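As structure tokens, the structure follows; a few thoughts come after it.
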Amino acid sequence: MTAFLLRRIALIVPTLFFVSVLIFGLQQLLPGDSALALAGENQDPAVIAYLHQKYHLDQPLPVRYALWIQGVLQGDLGESIRIKRPVFDLICEKLPVTGELALLALVVALVIGVPAGIIAAIRHNTAVDYGASMAALWGLSIPNFWLGILLILLFSVELGLLPASGFVGPGDSLKQNLLTLVMPAFVLGNAIAAVMMRHTRSAMRRCSAPIMSAPRGPRG
């Protein structure tokens with residue numbers, strides 16, 4: 001077990017290095033010059049030269065990568081060019097919302113996927129099993145953005161039951177907080193529920209197969 005963990009940990013280093021090079025390379029492939037966008041309409045050459053020096057845009061790519069990865073390792077993810085705030089602070093600000101949404105999506109997936117998988121395994125090769133399998137296939141196939149748009153059109157535009165966007169913290173209003181998260185949580189949990197349903201059904205079928213195939217003793 002220790003050797004397995006060490007091998008896995010050893011694989012993390014080259015994987016993270018490859019991902020960092022990929023992310024940095026994709027940033028460099030973006031069209032346009034960031035300094036020109038930041039300089040405004042006048043585009044004063046002195047301002048452009050200052051911005052190039054400030055953001056190390058005048059350095060070769062290897063040097064810029066080394067400076068970038070050094071900042072990442074120190075927790076400095078840079079500054080948002082659009083709103084002039086540290087990226088790390090923005091991540092910390094949005095992390096509670098992401099965590100709550102992920103937790104609710106997991107709850108939705110468990111509530112839907114596990115019972116559906118159990119029922120499909122118990123009612124194997126019946127209409128219930130086929131219906132659950134079709135629902136799982138639908139959940140895996142439908143794009144999340146399309147399902148989200150349909151839910152917004154139905155529950156927000158037509159029925160007016162749920163807000164179409166926005167977020168309210170649980171400390172401000174727990175009811176409004178759940179209302180703002182119920183649709184995105186269902187959309188995200190829908191695909192996970194389909195996977196859980198199929199895994200639960202397969203696991204129950206594997207567990208029940210030896211029991212059903214075991215020879216029965218003589219009846220007394």
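The values are calculated or read from the model by the stated rules, or taken from the named source; none is laboratory data. Computed from a predicted model, the values in this text were never measured in an experiment. Virtual Cβ from ideal backbone geometry, glycine too; neighbours counted across all protein chains shown.
Details
- With respect to the stated conditions, residue 117 fails to be in a helix (DSSP H, G or I) and free of Cβ contacts under 8 Å to residues at least 12 places away in the same chain.
- Any hit, the stretch 25-34, residues being at pLDDT 80 or above, among the aliphatic types (A, V, I, L, M), surrounded by 10 or more Cβ atoms within 10 Å (Cβ to Cβ) and more than 30 Å from residue 176 (Cα to Cα): no
- Of all the residues in the stretch 83-111, those that are more than 19 Å from the chain's Cα centre (by Cα) and either surrounded by 14 or more Cβ atoms within 10 Å (Cβ to Cβ) or not in a helix (DSSP H, G or I) (or both) number 4.
- Taken across the stretch 142-153, residues that are closer than 21 Å to residue 115 by Cβ and out of contact with any Phe, Trp or Tyr (no Cβ under 9 Å at 6 or more places or on another chain) do occur, with at least one present.
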